[in-house]
Amino acid sequence: MKTRVVITGLGVVAPNGVGLQDFTNAIKSGKSGITFHQQLKDKGFSCCIGGIPDVSEEKKAEYLSALQLRGFNSTSILYGVMAGVDAWKDAGFSVDENSSLDYDSGLIFGTGTSGIEKFRESIYKIDDQKVRRLGSTSVLQTMASGISAYLGGMLGLGNQVTTNSSACTTGTEALLLGFNRIKSGKAKRMLVGSSSDSSLYTWGGFDAMRVMSYKHNDSPEKGSRPMSATAAGFVPGSGAGALVIESLESALARNATIYAEVLGGNINSGGQRNGGTLTAPNAEAVQRCVKDAIIDANISANDIDVINGHLTATSKDCLEIENWTKALQRHGTNFPYINSLKSQVGHCLAAAGAIETVACILQVKEQFVFPNINCEDIHPEITNLIAKEKIPVKKLHTNITYLAKASFGFGDVNACVIFKKY
């Protein structure tokens with residue numbers, strides 16, 4: 001019998017909402033989480049705006065002990081722990097450090113850079129010949145798998161516990177890796193997701209590449225403009241998203257809430273050939289990724305009701321829409337509704353796929369399409385391909401059976417997943 005995989009828990013730490021309820025309210029109302037950051041201006045950034053989740057010291061103390069917080073300086077791990085613990089609890093499991101080891105549950109949680117602030121702190125101490133003062137957690141906070149090490153121990157997971165990293169595709173890839181593990185019968189459930197730190201040291205390289213928007217330092221909420229004719233580059237964001245996925249059999253046996261079903265998906269690469277580079281997508285590979293995801297989900301391209309795109313507010317948005325039209329063979333008014341969460345939260349880099357996937361699942365569960373904000377002036381190349389009304393600028397209630405989510409990352413890597421209403 002074919003193993004079906006469903007989503008039973010969600011957790012999110014986003015620039016426009018921390019926690020599931022705040023985030024749901026924010027995406028429905030089109031609330032922007034982009035603000036001005038004086039620190040970026042002081043360091044000479046061109047883009048002085050970004051999306052940083054609002055997490056108080058009191059909030060941190062709900063997830064990490066006073067001992068864990070001593071010398072703690074990794075926002076990537078903090079956001080990942082918060083989202084992961086929330087998703088685990090949302091799925092109906094308890095968080096108890098004395099609980100018995102659970103060999104049926106595992107974790108694939110991705111990140112781009114982990115603890116870059118802690119790295120900086122450590123480098124200065126070493127350069128000042130203060131190696132002994134690094135503290136016992138500097139390794140844990142700076143290793144790429146720090147996030148899965150923290151969560152795996154907090155939750156007592158005995159199945160595969162690992163970290164993946166593939167730029168902006170990380171979160172979507174983590175979900176598909178976990179999905180395949182459950183499908184193959186090697187785990188009953190997996191906590192999957194990704195996180196990204198809110199650090200000017202992470203964002204600086206993008207500012208140097210001139211791919212970030214510098215035109216809205218005085219109007220931060222207008223800065224992230226996917227699919228807009230006046231898009232001027234992406235706005236950096238940060239945070240984490242997490243999902244508990246499990247076999248349908250396991251979910252039904254424990255009477256869990258089921259948000260949606262994961263039908264299938266695909267991960268591939270354009271190999272930096274045929275127009276693909278480190279930073280630009282190979283269009284043929286993108287289209288193939290989408291087509292193969294649809295085949296894996298065993299549906300037709302015409303079944304898809306909504307697309308949540310990668311759509312970063314760069315010059316590549318028009319190409320992405322063109323790739324979708326070619327992959328689906330759907331144009332004009334026959335095209336599905338499409339949206340980009342980046343209009344509200346910016347580009348959360350390694351966390352983007354996971355945060356956006358949480359938003360996708362909420363749309364499927366509650367049957368709405370969240371608005372694309374800052375998109376009143378759709379790029380003419382896009383309206384030549386698809387009908388304007390397929391890019392909603394206000395929240396829309398509609399029947400959603402199938403939703404496609406895609407992420408395309410640096411290094412010419414792609415991931416697409418298909419969700420179904422349960």
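For P(r) over Cα pairs in 10 Å bins from 0, in percent, the value calculated from this model appears in [x] 4, 20, 30, 28, 14, 3, 0, 0; [y] 5, 24, 34, 25, 10, 2, 0; [z] 5, 23, 31, 24, 14, 4, 0 under label [y].
When the chymotrypsin sites (Phe, Trp or Tyr not before Pro) in the range 81-188 are filtered for DSSP coil states and for at most 15 other beta-carbon atoms within 10 Å of their beta-carbon, the remaining sites are Tyr103. Please give the residues of the range 194-232, grouped as numeric ranges, whose backbone N is less than 15 Å from a label point set 7 Å along the Cα-to-Cβ vector of Phe36. Of the residues in the range 194-232, 214-223 have backbone N under 15 Å from the label point off Phe36.
Between Met143 and Leu396, the modelled labels are 4.7 nm apart [label points 7 Å from Cα along Cα→Cβ]. The share of Cα pairs per 10 Å bin across the range 172-269, counted from zero up to the longest distance, runs 13, 30, 24, 21, 12, 1 percent. Using the Cα gyration tensor of the range 277-422, with a ≥ b ≥ c the square roots of its eigenvalues, what is the shape: rounded (a/c below 1.5), prolate (a/b larger than b/c) or oblate (neither)? Rounded shape, in that the Cα axes give a/c under 1.5. 3J(HN,Hα) along the range 292-305, derived from phi through the Karplus expression 6.51 cos²θ - 1.76 cosθ + 1.60 where θ = phi - 60°, amounts to 5, 5, 5, 5, 5, 7, 6, 10, 9, 4, 6, 6, 5, 8 Hz, with x in place of Gly and Pro. If Lys and Arg each add +1 and Asp and Glu each add -1, what is the summed charge of the other residues whose beta carbon sits under 11 Å from the beta carbon of Gly171? Summing Lys/Arg as +1 and Asp/Glu as -1 gives -1. Per residue, the solvent-accessible area of the chain (1.4 Å probe, heavy atoms of protein chains only, all protein chains present) comes to 40 Å². For the range 1-49, with all protein chains in place and a probe radius of 1.4 Å, 46% of the accessible heavy-atom surface sits on carbon or sulfur.
3J(HN,Hα) along the range 14-23, derived from phi through the Karplus expression 6.51 cos²θ - 1.76 cosθ + 1.60 where θ = phi - 60°, amounts to 10, x, 9, x, 9, x, 4, 5, 4, 5 Hz, with x in place of Gly and Pro.
A cut-off of 5 Å between modelled amide H atoms, ignoring neighbours fewer than 5 places along the same chain, links Leu10 with Asp90, Ala91, Val244. Of the Cα atoms belonging to the range 241-338, the radius of gyration and Dmax stand at 16.2, 49 Å. Met1 label point, 7 Å along Cα→Cβ, cut-off 12 Å on backbone N: hits in the range 252-279? The answer is 252-253, whose backbone nitrogens lie closer than 12 Å to the label point. Phi angles across the range 121-136 convert, under the Karplus curve 6.51 cos²θ - 1.76 cosθ + 1.60 with θ = phi - 60°, into 3J(HN,Hα) values of 4, 5, 4, 5, 5, 5, 4, 8, 6, 10, 4, 5, 9, 5, x, 6 Hz, Gly and Pro given as x.
With no solvent and one equal point scatterer placed on each C-alpha of the range 330-369, evaluate the Debye formula and give log10 I(q)/I(0) for q = 0.28, 0.29, 0.33 Å⁻¹, two decimals. Each listed q maps to, in turn, -0.95, -0.98, -1.07.
Where the alpha-carbon atoms of the range 1-107 are placed on the principal axes, they occupy 56, 37, 23 Å, in descending order. Proximity of backbone amide H atoms, modeled 1.01 Å from N, is registered between Gly239 and Ser196 at under 5 Å, excluding neighbours fewer than 5 places apart on the same chain. Solvent-accessible area of Leu252, all protein chains in place: 100 Å² (probe radius 1.4 Å, heavy atoms, ligands and nucleic acids excluded).
The values are calculated or read from the model by the stated rules, or taken from the named source; none is laboratory data. Keep in mind it's a predicted model, so treat the numbers as computed, not measured. Neighbour counts are summed over all protein chains in view; Cβ atoms, including those assigned to glycine, are modelled from backbone coordinates with ideal geometry. When the accessible area is computed, the model is the full protein with side chains, heavy atoms only, and any ligands, DNA or RNA have been set aside. Shrake-Rupley method; radii C 1.70, N 1.55, O 1.52, S 1.80 Å.
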